[in-house]
Structure formats: structure tokens, C-alpha cells
Amino acid sequence: MGFIRVSMSPGYGASFSDAQQVLRAILLMPNHHFLPDSTTADSLPVLNGHRDVSDAHLIRLAAGKKLKLATLDQSLCQKVWAKGVAENPV
């Protein structure tokens, strides 16, 4: 759902239909892996605002699977609770 949300944001401007189509293509890629998600609200760090909820959720999900979260959001990479998990691949 996050992919759809970000794809439709003003920065990318995809239509809902286009975002769905690209997501379907990603899901068909041979290296795609679905991550079961048992993240709870109790596992999130103390947050300063509603805008951090999705990011913190994805950070906890990645960390719980011993993975990295690729992001272009450099400010996310600098948050204490995201360090070592969020990385800018560029």
C-alpha cells in the first residue's frame, strides 16, 4: 500500500491504475519476496508526529527481518530510530 501511496504522491504523479500495474509487475519479479508483517504499535519508537508512523512501521518491519529499507528520504536516514536500517541507495 505504501508503494501505491508514494507513487500517487505529487512527486511522482502516477494514477492509481498505473501504480497498480507497476506493483503487479514488481510482484511478478523472480527476486520479489513477500514479508509477513506482525509489527505492532507497541513495537514502534516514540514518534513526534503522524507523518512518522508509516516510516517507523517500515523500519521495524525491515529490522525484524534483518533487512535494510531503501529510501530516497535522507531525513529518514538521519532519524535515531532508523539509523542502520534506512539507507539511501543513490
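State the number of residues belonging to the stretch 40-90 that are more than 13 Å from the chain's Cα centre (by Cα) and among the β-branched types (Val, Ile, Thr).
Summing the residues that are more than 13 Å from the chain's Cα centre (by Cα) and among the β-branched types (Val, Ile, Thr) in the stretch 40-90 gives 4.
What about ASP42, is it of a type in the set (D, E, K, R) and closer than 15 Å to MET1 by Cα?
Values: of a type in the set (D, E, K, R): yes; closer than 15 Å to MET1 by Cα: no.
So ASP42 does not fit the description; no.
Checking the conditions here, which among SER54, SER7 is assigned by TED's automatic domain parsing to the domain that holds GLU87, of a type in the set (Ser, Thr, Tyr), touching a helix residue (DSSP H, G or I) at 6+ places or on another chain (Cβ under 7 Å) and surrounded by 12 or more Cβ atoms within 10 Å (Cβ to Cβ)?
Testing whether each residue is assigned by TED's automatic domain parsing to the domain that holds GLU87, of a type in the set (Ser, Thr, Tyr), touching a helix residue (DSSP H, G or I) at 6+ places or on another chain (Cβ under 7 Å) and surrounded by 12 or more Cβ atoms within 10 Å (Cβ to Cβ) leaves just SER54.
The values are calculated or read from the model by the stated rules, or taken from the named source; none is laboratory data. Predicted, not measured: the structure shown is a model, and the values here were computed from it. Methodologically, a virtual Cβ is constructed for each residue, glycine included, from the backbone with ideal geometry; neighbour enumeration extends over all protein chains shown.
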